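Chemist: If you scroll down you'll find the structure; I have some questions about it.
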Amino acid sequence: MNKNAPDQEPPPVPSAPVLRRKPGALCPIISFNRTVGGKYKLRILYELKTGVARYGQLRKALIEATLEKTITGRVLSRELKELQERGLISRRQYPVVPPKVEYRLTDRGRTLIPIIESMMYWTLGVPR
């Protein structure tokens, strides 16, 4: 049989166990999207997987990742603030001039790295 035959149906996707949500609770997929959805949040989390990064390092990495597209300071600051509010990254500010701020993943943020990597493999069409 030809795998690419138009009359053949694709193989079924293995299903995860059915997760029951509490009545009135938000769908887990929508909740996930609200938590990490945004213009650059997933990329920021991925950049922090190797350790601490400063604001300028994150901005430079995002510019490189978007093929030199400009990242405004306002947008980056908002994304970082939202990630921090959601408990995915921590921010440490040092009392020096000029200001020195470092960002790192929290334990909760670190749990997202395998998910982000799976998304990257899927996007590239690379089996994992």
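Chemist: Could you grab me the full set of residues in the stretch 70-91 that are out of contact with any strand residue (DSSP E or B) (no Cβ under 9 Å at 6 or more places or on another chain), among the hydroxyl-bearing types (Ser, Thr, Tyr) and closer than 22 Å to Ile115 by Cα?
Modeler: none
Chemist: Which of the residues spanning the stretch 78-117 are surrounded by 12 or more Cβ atoms within 10 Å (Cβ to Cβ), among the polar types (S, T, N, Q) and not in a strand (DSSP E or B)?
Modeler: Gln84, Thr106
Chemist: Regarding Gly56, is this residue surrounded by fewer than 18 Cβ atoms within 10 Å (Cβ to Cβ) and in a loop (DSSP other than H, G, I, E, B)?
Modeler: No.
Chemist: While we're looking at this one, here's another question. Give me a count of the residues in the stretch 97-106 that are farther than 14 Å from Gln57 by Cβ and at pLDDT below 95.
Modeler: 3
Chemist: Out of all the residues in the stretch 41-85, which are touching a helix residue (DSSP H, G or I) at 6+ places or on another chain (Cβ under 9 Å) and acidic (Asp, Glu)?
Modeler: Listed by number, the residues that qualify are Glu47, Glu79, Glu82.
Chemist: With (1) at pLDDT 95 or above; (2) in a helix (DSSP H, G or I); (3) surrounded by fewer than 16 Cβ atoms within 10 Å (Cβ to Cβ) as the list, and Leu45 as the residue in question, which single condition is left unmet?
Modeler: (3)
Chemist: I'd like to verify a number: residues in the stretch 82-96 that are under 16 Å from Leu58 (Cβ atoms) and β-branched (Val, Ile, Thr), how many?
Modeler: Qualifying residue count for the region: 1.
Chemist: Okay, next question. Quick one: Cys27 ticks every box in (1) surrounded by 15 or more Cβ atoms within 10 Å (Cβ to Cβ); (2) modelled with pLDDT under 95 bar one, so which box is it?
Modeler: (1)
The values are calculated or read from the model by the stated rules, or taken from the named source; none is laboratory data. Keep in mind that what you see is a predicted model, and the values were worked out from it rather than measured. Here the Cβ is made from the backbone with ideal geometry for all residues, glycine too, and neighbour counts use every protein chain on show.
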